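**Student:** Here's a structure for you.
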Amino acid sequence: MPGSGRAQVSVFPSGPELGASLAALVWQEAGRGTGPGGRFSLALSGGSLVTLLSRELLRAPEPCRDWLWAYCDERRVPPEDPESTHGQYLAQLLSKISIPEKQVLSIDHTLPVEEAAADYSKKLKEAFPGQDIPVFDLLILGLGPDGHTASLFPDHPLLQETQKIVAAISDSPKPPPERITMTLPVLNAARTVVFVAIGEGKASIIKRILETEEENPLPAARVRPGHGKLLWFLDEAAAKELTGPVEQHSVL
Ligand code: 6PG
């Protein structure tokens, strides 16, 4: 169930300042891992987040041997395909920090997309024993200009999915068409969810999501963690149409 928790919006002068604070948030949350033995579980989106997060986490890498690394969504392509989110994180970050390989959950792209989703769902259930819905410590989500997040797109039937924790999509409006995605129950179960959006191309959709109540809310507007924190990290360009209260971050 989406929570009523209000979003905490932080606005940064530009991408580098936002990135530095995002990395600080990751390290901070990593120190509060709630899994077995203090395991820290996080799941990431793709797109522009990959380079931003990789660059910033590598500025001052800290131990991450007790991390569980997963994906909020993934394209069904081989890791060597430039469209592969896992492949991009492997090249830019995972090959440079010490998360044990068995703690990095990537998809089996060789399976048909429905089976790949079921297989990923199984991997998540194994990683979160006893939890019908995996509760991640931290999810980092991007935002599409149409209001999609992960691979949940406007007016798509997947928005109504409440049983599966991972679902397949074969008609993604954002290429490539075949993807797997966490569903809203998982996104809304997390302890902390942070949306990252940069650039004025996102300004109008962010205004719609954060400052209008709609009959048919956009996918990103449906991410309201039931018991968790909801954070939005924006640069000034992405936040320029907002009129409500925000937390302005000056240059560090
Ligand atoms: C993906 C992402 C997707 C992305 C948004 C924003 O794999 O495509 O998970 O949800 O986060 O489309 O992408 P940009 O940050 O590149 O605009």
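**Student:** For a test of the definition: using alpha carbon positions, the gyration tensor, and the 1.5 limit on a/c, classify segment 133-178 as rounded, prolate or oblate.
**Tutor:** Oblate is the answer for segment 133-178, as a/c is 1.5 or above yet b/c matches or exceeds a/b.
**Student:** Considering segment 17-193, what Rg and Dmax in Å follow from its alpha-carbon atoms?
**Tutor:** Cα only, segment 17-193: 15.1, 41 Å (Rg, Dmax).
**Student:** Residue by residue through segment 41-52, which ³J(HN,Hα) values in whole Hz follow from phi under the Karplus form 6.51 cos²θ - 1.76 cosθ + 1.60 (θ = phi - 60°), with glycine and proline marked x?
**Tutor:** 10, 9, 10, 10, 9, x, x, 5, 4, 4, 5, 4
**Student:** Taking amide H atoms as placed 1.01 Å from N in the peptide plane, list the residues 5 or more away in sequence, or in a different chain, whose amide H sits under 5 Å from that of Gln8.
**Tutor:** Counting only residues 5 or more places away or on other chains, the set is Leu230, Leu231, Trp232.
**Student:** Which net charge results for the neighbourhood of Gln8, defined as the other residues with beta-carbon distances under 10 angstrom from its beta-carbon, given Lys and Arg at +1 and Asp and Glu at -1?
**Tutor:** Net of charged neighbours comes to +1.
**Student:** How many lysine pairs does the chain hold where the Cα atoms are under 17 Å apart and the two sit 8 or more places apart or on different chains?
**Tutor:** 9
**Student:** To continue, here is another question. Taking amide H positions as placed in the peptide plane 1.01 Å from N, state which residues far from Ser41 in sequence (5 or more) or on other chains have amide H under 5 Å from it.
**Tutor:** HN-HN under 5 Å from Ser41: Thr34, Gly35, Leu68, Asp137, Leu138.
**Student:** List, in order, the whole-Hz ³J(HN,Hα) value for each residue of segment 178-193 obtained from phi through the Karplus relation with A = 6.51, B = -1.76, C = 1.60 and θ = phi - 60°; use x for Gly and Pro.
**Tutor:** 3J(HN,Hα) across segment 178-193, in whole Hz: 9, 9, 10, 8, 5, 9, 4, x, 6, 4, 8, 8, 5, 6, 9, 10.
**Student:** Rounded to the nearest 500, what is the 222 nm mean residue ellipticity of the chain from helices alone, with -39500 (n - 2.57) per DSSP H run of 4+ residues and division by all residues?
**Tutor:** Value at 222 nm, helices only: -7000 deg cm²/dmol.
**Student:** Same structure again: Average the reciprocal distances over every distinct pair of alpha-carbons in segment 198-252, invert the result, and give the Kirkwood radius in Å.
**Tutor:** For segment 198-252, inverting the mean 1/r across all distinct Cα pairs yields 12.3 Å.
**Student:** Name the residues whose placed amide hydrogens come within less than 5 Å of the amide hydrogen of Tyr71, ignoring near sequence neighbours (fewer than 5 apart) on the same chain.
**Tutor:** Counting only residues 5 or more places away or on other chains, the set is Leu44.
**Student:** What are the ³J(HN,Hα) couplings of segment 156-168, residue after residue, when phi is run through the Karplus curve with 6.51, -1.76, 1.60 and θ = phi - 60°? Round to Hz, x for glycine and proline.
**Tutor:** After applying 6.51 cos²θ - 1.76 cosθ + 1.60, I find 8, x, 4, 5, 8, 5, 10, 9, 6, 8, 9, 10, 9 Hz.
**Student:** At most 16 other Cβ atoms within 10 Å and a DSSP loop assignment: could you name the GluC sites (Glu not before Pro) in segment 1-103 that fit?
**Tutor:** Here the sparse-neighbourhood loop sites are Glu80, Glu83.
**Student:** What share of the DSSP beta bridges in segment 17-193 is antiparallel, in percent to the nearest 5?
**Tutor:** 40 percent
**Student:** Using C-alpha positions alone, give me the convex hull volume of segment 39-120 per residue in cubic angstrom.
**Tutor:** 87 Å³
Laboratory data are not the source of any read-out in this text; all were calculated from the coordinates shown. These numbers were taken from a predicted model, which means no experiment stands behind them. Glycine also receives a Cβ, built like all others from the backbone with ideal geometry; neighbour counts cover every protein chain displayed.
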